[in-house]
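Trainee: What follows is a single structure, and I will ask about it in a moment.
The values are calculated or read from the model by the stated rules, or taken from the named source; none is laboratory data. Model, not experiment: these values are computed from the prediction. Every residue, glycine among them, receives a Cβ derived from its backbone with ideal geometry; neighbour counts consider all protein chains shown.
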Amino acid sequence: MSCSKEFIELDKSIHDRDSFNCAETELNEFIRTKAAKHMNIGISRTMLLPALVPLPNGKYPICAFYTISPSSISRETLPKKLVKKLARYPVPVFLLAQLAVHSEYQGQGLGKITLIKALEHLWEINSHMRAYAVIVDCLNDNARQFYVKYGFEVLCGHNGRVRMFMPMNIAGQLFQ
Ligand SMILES: CC(C)(COP(=O)(O)OP(=O)(O)OC[C@H]1O[C@@H](n2cnc3c(N)ncnc32)[C@H](O)[C@@H]1OP(=O)(O)O)[C@@H](O)C(=O)NCCC(=O)NCCS
């Protein structure tokens with residue numbers, strides 16, 4: 001299957017969630033059973049790249065997706081050099097909650113494209129409602145290495161995961 005060029009919002013009546021497989025059970029389960037619910041209740045938004053050709057059931061397979069939501073972090077978790085300028089309140093951030101590429105497409109540059117699209121989306125939102133940084137909680141060491149490659153830095157441990165961050169002004173340099 002080949003992919004569309006545009007990321008669009010998940011629509012469970014159009015997109016085939018069950019055929020998505022990135023080899024990580026948690027992410028497969030998320031797109032299959034949680035992503036649409038979380039959009040409906042208003043806690044996150046999932047954008048995806050559909051395949052060009054539908055399945056026999058009329059729905060389009062998902063090549064890659066990302067999920068974003070607003071969040072906040074304690075200012076004390078940030079490196080000291082960044083903390084000084086911040087008010088003594090929780091710091092607003094964007095959470096890159098999920099990002100995955102279908103196994104059939106891994107290793108062909110789609111992960112990089114998906115990450116850049118997610119950052120571009122957040123940069124656009126940031127022009128309306130500011131957040132200090134983008135954070136991501138890494139599922140495993142592979143994910144950590146992937147985000148390190150694009151400039152994310154380790155922030156702290158969070159629920160047994162490594163939490164990484166990229167200041168919004170750094171992300172914005174990609175799009176200015
Ligand atoms: C991690 C993931 C998104 C990468 O997607 P991908 O399409 O395979 O990645 P790309 O082909 O775009 O690779 C981009 C770059 O990242 C590197 N990269 C990809 N996976 C990597 C890994 N596991 N560890 C280190 N580097 C990795 C590639 O070598 C490539 O570098 P290059 O441009 O210098 O060659 C994908 O493997 C995936 O969906 N994994 C399962 C879900 C997951 O772990 N998501 C992260 C959730 S926190």
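So that you can scan it fast, the table gives a plain yes or no per residue for (1) of a type in the set (D, E, K, R); (2) over 28 Å from Asp18 (Cα atoms); (3) touching a residue at least 24 places away in the same chain (Cβ under 8 Å); (4) away from the ligand (no atom under 16 Å from the Cβ):
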{"residue": "Gly107", "(1), (2), (3), (4)": "no, no, no, no"}
{"residue": "Thr114", "(1), (2), (3), (4)": "no, no, yes, no"}
{"residue": "Asp137", "(1), (2), (3), (4)": "yes, no, yes, no"}
{"residue": "Gly151", "(1), (2), (3), (4)": "no, yes, no, no"}
{"residue": "Leu174", "(1), (2), (3), (4)": "no, yes, yes, no"}
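Trainee: For the stretch 15-27, name all the residues that are crowded, with 16+ Cβ neighbours inside 10 Å and more than 9 Å from the ligand (Cβ to nearest atom).
Mentor: Within the stretch 15-27, His15, Asp16, Arg17, Ser19, Phe20, Asn21 meet the criteria.
Trainee: Sticking with this structure for a sec: Keeping to the stretch 28-74, report how many residues are surrounded by fewer than 22 Cβ atoms within 10 Å (Cβ to Cβ), touching a His at 6+ places or on another chain (Cβ under 7 Å) and among the β-branched types (Val, Ile, Thr).
Mentor: Residues in the stretch 28-74 being surrounded by fewer than 22 Cβ atoms within 10 Å (Cβ to Cβ), touching a His at 6+ places or on another chain (Cβ under 7 Å) and among the β-branched types (Val, Ile, Thr): 1 in total.
Trainee: Counting just the residues of the stretch 28-58 that are of a type in the set (Val, Ile, Thr) and closer than 22 Å to His121 by Cβ, which one comes out farthest from the ligand (Cβ to nearest atom)? Break it down stepwise before answering.
Mentor: Residues of the stretch 28-58 of a type in the set (Val, Ile, Thr): 31, 33, 41, 43, 46, 53.
The next check asks that each one be closer than 22 Å to His121 by Cβ; those that pass are 31, 41, 43, 46.
Working: Ile31: 11, Ile41: 22, Ile43: 18, Thr46: 13 Å.
Residue satisfying both the conditions and the ranking: Ile41.
Trainee: What about Leu78, is it among the aliphatic types (A, V, I, L, M), at pLDDT below 95 and under 21 Å from the mean Cα position of the chain (by Cα)? Walk me through how you get there before you give the answer.
Mentor: Working: among the aliphatic types (A, V, I, L, M): yes; at pLDDT below 95: yes; under 21 Å from the mean Cα position of the chain (by Cα): yes.
Taking the combined requirement at face value, the residue satisfies it.
Trainee: So, restricting to helices (runs of 4 or more DSSP H) that lie completely within the stretch 1-103, which ones have at least 1 residues that are among the acidic types (Asp, Glu)?
Mentor: Working: elements: 25-29, 35-40, 80-83.
In the stretch 1-103, the matching helices (runs of 4 or more DSSP H) lie at 25-29.
Trainee: I need the full set of residues from the stretch 1-14 which are surrounded by fewer than 17 Cβ atoms within 10 Å (Cβ to Cβ) and either hydrophobic (A, V, I, L, M, F, W, C) or under 22 Å from Leu122 (Cβ atoms) (or both), in order please.
Mentor: Across the stretch 1-14, the qualifying residues are Met1, Ser4, Lys5, Glu6, Ile8, Glu9, Asp11, Ile14.
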